[in-house]
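Have a look at the structure below, then the notes.
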Amino acid sequence: MAALNEEQVMLRDMAREWADNESPVAAFRKLRDAGAGKGFDAEAWGAIGGMGWAGIVIPEEFGGSAFGYLSLGLVMEQLGRNLAASPLASTAVAASAIVMGSSDKAKGDWLPRLAAGEAIATLAIDEGPSHDLKIAASVSGGKLSGTKQFVAEAESADAFVVAATDGLYLVAKGEGVTVSPRRMADSRSRAAVTFKDAPAEKLGDVALTQAVADRAAAVTAAEMLGMADSAFHQTLDYLKQRVQFGQLLSTFQALQHRMAKMLTELELMRSAVEGALEAIDAGRSDVDQAVSLAKAVANDTLRLVSREMVQLHGGVGMTDEYDAGLYLKRAAALEAMWGTASYHRDRFGRLNGY
């Protein structure tokens with residue numbers, strides 16, 4: 001477990017309190033049932049911007065707080081606990097691409113707006129159904145063309161950080177950009193975005209593309225950590241109050257063993273995820289390995305815990321009245337984002353010469 005400083009503890013506790021009071025799972029259910037077009041609560045996003053969370057990885061000179069990726073991960077973990085629907089992850093990681101990029105114009109034009117929550121940005125990288133950095137989109141004469149699949153928050157994005165054959169580009173919503181809405185099983189937006197001769201500003205080379213993808217994977221893993229932690233504790237609470245055959249379910253040794261296994265895996269997951277975020281903040285040379293380890297462990301652990309949540313709730317776990325299905329669906333969607341467990345295990349092996 002990471003050693004947090006006083007500011008990080010305050011940030012974590014503030015995020016937890018806000019998520020519990022202002023964005024519980026019930027708020028997500030209400031949003032889902034209303035069929036909200038953009039897949040998130042605009043009022044809640046305004047509150048997030050007002051609290052400065054959108055600027056956690058943005059330098060102070062552009063209106064951010066420069067608290068780092070571990071701090072961003074702490075916030076995403078607390079939002080993940082309650083399945084809070086917001087464009088924070090996509091906006092923060094897209095902002096990090098602009099921060100690491102070489103365009104001073106992009107920094108001046110976009111970072112202050114992103115830090116204040118006045119604009120939304122997202123990454124448009126993958127071109128197939130699974131994460132793969134084999135890119136076909138191309139740029140000619142400052143115009144970008146190509147199609148990106150399963151782009152988070154694309155329907156509401158004001159700017160897209162787009163991967164092309166020679167690096168990352170920034171494209172503003174508007175000319176040459178067509179968004180085709182798509183809803184996933186978790187009721188969140190993952191649109192297909194087509195760029196046709198869209199004006200593009202270069203941020204950096206291919207190496208920047210991989211660095212940004214790693215940050216996206218680490219931040220996603222932090223959200224998954226919060227989901228796994230919440231799913232575990234909800235299941236534990238249920239076992240402690242559900243009576244079967246005249247006994248509490250929590251007294252059955254077989255179920256105790258299953259809960260113990262989940263708790264052990266959760267602790268390993270926390271260590272891996274926080275380790276990856278700390279590696280990014282420290283600028284370590286093994287960030288790629290740390291991120292692949294974290295995302296692989298996060299995928300495996302959340303899959304285990306979300307499925308056990310359904311099974312250990314019994315028949316009611318299959319009903320929409322209980323939250324188990326919501327965690328299972330969101331887990332499946334996040335597992336596919338930025339690389340599955342098998343993808344990252346293979347990458348980790350290659351990075352270590354296997």
Practice prompt. Please work out if ALA85 is among the aliphatic types (A, V, I, L, M), under 21 Å from MET224 (Cβ atoms), in contact with a Leu (Cβ under 9 Å, 6 or more places away or on another chain) and not in a helix (DSSP H, G or I).
Written response: yes
Worksheet item: Are any residues in the stretch 157-185 in contact with a Lys or Arg (Cβ under 7 Å, 6 or more places away or on another chain), open to solvent by 10 Å² or more (accessible area, probe 1.4 Å) and part of a loop (DSSP other than H, G, I, E, B), and if so, which ones?
Response: ASP158, GLY176, ARG182, MET184, ALA185
Fill in: Test: ALA260 is open to solvent by 10 Å² or more (accessible area, probe 1.4 Å) and under 22 Å from LEU133 (Cβ atoms)
no
Discussion item. Could you tell me how many of the residues in the stretch 6-31 are farther than 17 Å from LEU88 by Cα, in contact with a helix residue (DSSP H, G or I) (Cβ under 8 Å, 6 or more places away or on another chain) and among the basic types (Lys, Arg)?
Written reply: 1
Worksheet, complete the sentence: Flagged in the stretch 186-223 as farther than 26 Å from GLY283 by Cα and in a loop (DSSP other than H, G, I, E, B), in numbering order, are ASP186, SER187, ARG188, ALA200
Response to the item:
Reported set for the stretch 57-73 where residues are in contact with a helix residue (DSSP H, G or I) (Cβ under 9 Å, 6 or more places away or on another chain), open to solvent by 30 Å² or more (accessible area, probe 1.4 Å) and either in a helix (DSSP H, G or I) or more than 21 Å from THR220 (Cα to Cα) (or both) is PRO59, GLU61, PHE62, GLY63
Response to the item:
Filtering the stretch 96-106 down to residues that are part of a helix (DSSP H, G or I) and either open to solvent by 10 Å² or more (accessible area, probe 1.4 Å) or under 12 Å from TRP53 (Cα atoms) (or both) yields VAL99, MET100, ASP104, LYS105
Discussion item. Tell me yes or no: at least one residue of the stretch 250-257 is touching a residue at least 40 places away in the same chain (Cβ under 8 Å), under 25 Å from ALA336 (Cβ atoms) and assigned to a helix (DSSP H, G or I).
Written reply: no
Fill in: Which numbered condition GLY39 misses (of (1) surrounded by fewer than 24 Cβ atoms within 10 Å (Cβ to Cβ); (2) modelled with pLDDT under 95; (3) closer than 23 Å to GLU22 by Cβ; (4) not charged (D, E, K, R))
(1)
Item to complete: Look at ALA290 and say whether it is surrounded by 20 or more Cβ atoms within 10 Å (Cβ to Cβ), farther than 30 Å from SER187 by Cβ and of a type outside the set (D, E, K, R).
Response: yes
Discussion item. Cβ contacts < 9 Å: first residue of a type in the set (Asp, Glu), restricted to the stretch 178-197; second residue surrounded by 20 or more Cβ atoms within 10 Å (Cβ to Cβ), any location; separation 6+ or different chain. Result?
Written reply: ASP186/LEU83; ASP186/LEU326; ASP186/ARG330; ASP186/ALA331; ASP186/LEU334; ASP197/LEU144
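The values are calculated or read from the model by the stated rules, or taken from the named source; none is laboratory data. Keep in mind the model is a prediction, meaning the values are calculated, not measured. Please note: Cβ atoms are built from the backbone with ideal geometry, for glycine as well, and neighbour counts cover all protein chains shown. The area values use the complete protein model at the heavy-atom level, side chains included, leaving out ligands, DNA and RNA. Shrake-Rupley method; radii C 1.70, N 1.55, O 1.52, S 1.80 Å.
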